[in-house]
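*Asks:* Quick one: the structure is below, questions incoming.
Derivation of every value follows stated rules applied to the coordinates shown; laboratory data play no part. The shown structure was predicted, so the numbers you read here are calculated from the model rather than taken from an experiment. Virtual Cβ from ideal backbone geometry, glycine too; neighbours counted across all protein chains shown.
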Amino acid sequence: MPTSVTLHAALTSDSTIRSFSHMQSGPDISIELFTSQDLLAQPWLSELTKMINASYLVGHTDRIKYLNNKLRLRSDSDLSRELGVSGFTAVAFARDQAGEKAEVIGTASMKPWKNDELWLRGEGEIEGEDGKKNKDKIQDEIDGAEADTATDEHVLLESICPGDYELAVVALPPDNRYRGKGIAGRLVKACEDELLRRRSQEGDQSQPIRVMIRVLKENAGVYWLKQGFKVVGSQRRPAGFWDALEPFTLWAMVRELRT
């Protein structure tokens, strides 16, 4: 059955910014956006917290492993607190054929980007002369035995990576029914569309919106490169940071949005 995505008007409830519907065979999937404040009032908030933590424990394909008891969120209020006043969350729900039960099956959030860290910039490593060559080089570094020291070959400069918003807490449940179905991409798209809607209301649309993301290069770098993000900074982080069991490279990546 062909896929249809419908944008509905904002619901009367203050908790929902926008609602999207995705109809296909099987359960109906809808995506709704919630402000950080109204997220706290939702009856399924505990379910969302548990889903996020379960998602971060799925690491059988990860090169960098985490502690078995890793928790992304330690309480139901952590996500709202992390997003701040202007942040918001997209939540995907799956409803059964009878329309009686809605299950939380994914989420993605946007929060203001904080320029509070210095990142290493190596033009040869990060920008490259050609996009494809750069991706191939990055993949070689990830796969190669000397990946941890590859950046030493380049002239590195410390700088602050400018950005507007940060894409964060992109999570799906550890359930094959929902992974690999493009749900994460639709959640990110819903968040980006909301940023563009806000920008259009501000009037000044001359500058692009810089959406940032922080990722483990070894685990998710290639995936986010394929989503159109570009590396603009890197850091070496020790074991224990983000509950990782070994040192890793943290990437700052950006994708620009234009109205």
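*Asks:* Which order results if ILE31, ILE213 are arranged by neighbouring Cβ count within 10 Å, fewest first?
*Replies:* In order of increasing Cβ crowding within 10 Å: ILE213, ILE31.
*Asks:* Sort the following peptides by mean Cβ neighbour count (other Cβ atoms within 10 Å, averaged over residues), highest first: 238-249, 193-204. Don't skip to the end; give the middle numbers.
*Replies:* Values: 238-249: 14.9, 193-204: 12.6.
Packing order, densest peptide first, comes out as 238-249, 193-204.
*Asks:* Quick check on the exposure proxy: order THR49, THR107 from fewest to most C-beta atoms within 10 angstrom.
*Replies:* On the way: THR49 20, THR107 25.
In order of increasing Cβ crowding within 10 Å: THR49, THR107.
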